[in-house]
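*Asks:* Have a look at this one before I ask anything.
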Amino acid sequence: MTYIWYVTFEVPKSSTLVPRRNPRLSKIFETEAEAKEFARQKVDAGLIVSAGTINPHRPRVGIPSEKIFAWFEASQGTGQSDENGAAT
């Protein structure tokens, strides 16, 4: 199993009295399509999400939270990126 993509998302504030050390969690995926599906679920839940490829995978791709919606719209159904790291 080769994991290439990651999605990082904020952890919802819980009702516990002890604050969490890390307010963000990450999950890894084998394909861009799986990562997009998971990221869309987290965005739909109102969380801040970013994504990208795991090092040393080339080309490196990073999707900041500000561009996550453009990533969802780009390459719908293809799950591939071009040589510059842009989704095709």
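*Asks:* Being among the basic types (Lys, Arg), open to solvent by 90 Å² or more (accessible area, probe 1.4 Å) and at pLDDT 90 or above narrows it down to one of LYS27, LYS13, LYS42, LYS36, so name that one. Walk me through how you get there before you give the answer.
*Replies:* Details: LYS13 fails: at pLDDT 90 or above; LYS42 fails: open to solvent by 90 Å² or more (accessible area, probe 1.4 Å); LYS36 fails: open to solvent by 90 Å² or more (accessible area, probe 1.4 Å).
Step by step, each of LYS27, LYS13, LYS42, LYS36 is checked, and only LYS27 is among the basic types (Lys, Arg), open to solvent by 90 Å² or more (accessible area, probe 1.4 Å) and at pLDDT 90 or above.
*Asks:* Only one of SER81, SER50 is among the polar types (S, T, N, Q) and modelled with pLDDT of 95 or more. Can you tell me which? Give the steps one after another, and end with the answer.
*Replies:* Numbers: SER81 fails: modelled with pLDDT of 95 or more.
Matching residue, one of SER81, SER50: SER50.
*Asks:* Quick one: in the range 45-59, which of the residues that are surrounded by 12 or more Cβ atoms within 10 Å (Cβ to Cβ) and closer than 10 Å to ILE4 by Cα is farthest from the chain's Cα centre (by Cα)?
*Replies:* First pass over the range 45-59, keeping only residues surrounded by 12 or more Cβ atoms within 10 Å (Cβ to Cβ): 47-54, 57.
After this cut, where a residue has to be closer than 10 Å to ILE4 by Cα as well, the list is 52-54, 57.
On the way: GLY52: 6, THR53: 9, ILE54: 11, HIS57: 15 Å.
Taking the candidates together, the pick is HIS57.
The values are calculated or read from the model by the stated rules, or taken from the named source; none is laboratory data. Computed from a prediction, not measured in an experiment: that's the story for all the values here. Reconstructed Cβ throughout: ideal geometry from the backbone, glycine too, with neighbour counts over all protein chains shown. Remember, those area values only see protein heavy atoms, side chains included, never the ligands or the DNA or RNA. Shrake-Rupley method; radii C 1.70, N 1.55, O 1.52, S 1.80 Å.
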